[in-house]
Amino acid sequence: METRRLYYEDPYLREFEAVVVAVEGDGVILNQTAFYPEGGGQAGDTGTLNDVKVINTIQRGGRIIHLVERPTAFKVGDEVRGVLNWSRRYRIMRLHSASHIMEYFLYQRLGPLERLGSHVDERKDRADYAYDGRLPPEALRWVEEQTNRFIAEGHPIVITLDPDRPGWRIWRCGPIEMYCAGTHVRNTREIGEVVLRRRNPGRGVERIETMLKP
Ligand SMILES: [Zn+2]
């Protein structure tokens, strides 16, 4: 049975009630959850189930697995209260939304690049692009300025299901549109200000790290 994904119904849900449907190794599977499972470049959620720590959340097929510190505390049929580490997840939502906006302005400046990989956790978003040489510092500065200007304008972010591709979610904000399975803020203003940093993880690859300004 697929786990009901409460984080899609309400990405701001921090607490929920659920029933244990299976316990496998360190993994607890519930009938429904607000914990986002690692995937689509976004880190898995942490928090607690009945005060037992959830160290990470992953998915196998359509089932979401909560990796917990003390799996013996759970058995099938138990009612549990799930509580997300919300400050961490909210930072991830802000950074994930910011990275889509950053990428839009990056492509505006340099033309579309091939994205080789991306990952977002509570500290930063990192996105790797195929690029020969070094990203010009003035281009990065421009992208940072445009991203922050756009964020401050307070654009709504709307996510809808693609009627032509079952299960695919379309992320829209102003002129920006892409497929994304992640969790996002409702309005760019929630992101606050971001800082961009360039890295070079290897030949022919340039990395842009997006961080929230402290
Ligand atoms: Zn995304």
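At a glance:
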| read-out | value |
| --- | --- |
| Only listed residue being of a type in the set (D, E, K, R), within 16 Å of the ligand (Cβ to nearest atom), assigned to a helix (DSSP H, G or I) and in the same structural domain as residue 188 (by TED's automatic domain parsing), chosen from 122, 103 | 103 |
| Residue, surrounded by the fewest Cβ atoms within 10 Å (Cβ to Cβ), within region 162-178, restricted to residues that are touching a strand residue (DSSP E or B) at 6+ places or on another chain (Cβ under 6 Å) and assigned to a strand (DSSP E or B) | 178 |
| Close pairs (7 angstrom Cβ cut-off, 6 or more residues apart or separate chains): outside the structural domain of residue 44 (by TED's automatic domain parsing) in region 54-65, surrounded by fewer than 22 Cβ atoms within 10 Å (Cβ to Cβ) and not β-branched (Val, Ile, Thr) anywhere | none |
| Residue 193 surrounded by 11 or more Cβ atoms within 10 Å (Cβ to Cβ) and either in contact (Cβ under 8 Å) with a residue 24 or more places away in the chain or more than 28 Å from residue 6 (Cα to Cα) (or both) | yes |
| Neighbours by Cβ (under 9 Å, 6+ apart or cross-chain): first from region 161-174, assigned by TED's automatic domain parsing to the domain that holds residue 103; second exposed (fewer than 11 other Cβ atoms within 10 Å of the Cβ) and modelled with pLDDT under 95 | 161/167 |
| Whichever residue in region 72-100 is charged (D, E, K, R) and part of a loop (DSSP other than H, G, I, E, B) and, among such residues, is farthest from the ligand (Cβ to nearest atom) | 75 |
| Answer residue from region 183-193, given it is polar (S, T, N, Q) and not in a loop (DSSP other than H, G, I, E, B) and is farthest from the ligand (Cβ to nearest atom) among those | 187 |
| Among residues of region 24-66, those that are within 15 Å of residue 83 (Cβ to Cβ), crowded, with 16+ Cβ neighbours inside 10 Å and more than 16 Å from the ligand (Cβ to nearest atom), counted | 15 |
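To keep it simple, each residue is scored yes or no on (1) of a type in the set (Ser, Thr, Tyr); (2) over 20 Å from the mean Cα position of the chain (by Cα); (3) within 15 Å of the ligand (Cβ to nearest atom).
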position: 138; (1), (2), (3): no, yes, no
position: 146; (1), (2), (3): no, yes, no
position: 152; (1), (2), (3): no, yes, no
position: 181; (1), (2), (3): no, no, yes
position: 195; (1), (2), (3): no, no, no
position: 198; (1), (2), (3): no, yes, no
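The values are calculated or read from the model by the stated rules, or taken from the named source; none is laboratory data. Just so it is clear, the structure is predicted and the values come from calculations on it, not from any experiment. Cβ coordinates were reconstructed from backbone atoms using ideal geometry, including for glycine residues, and neighbour counts include every protein chain displayed.
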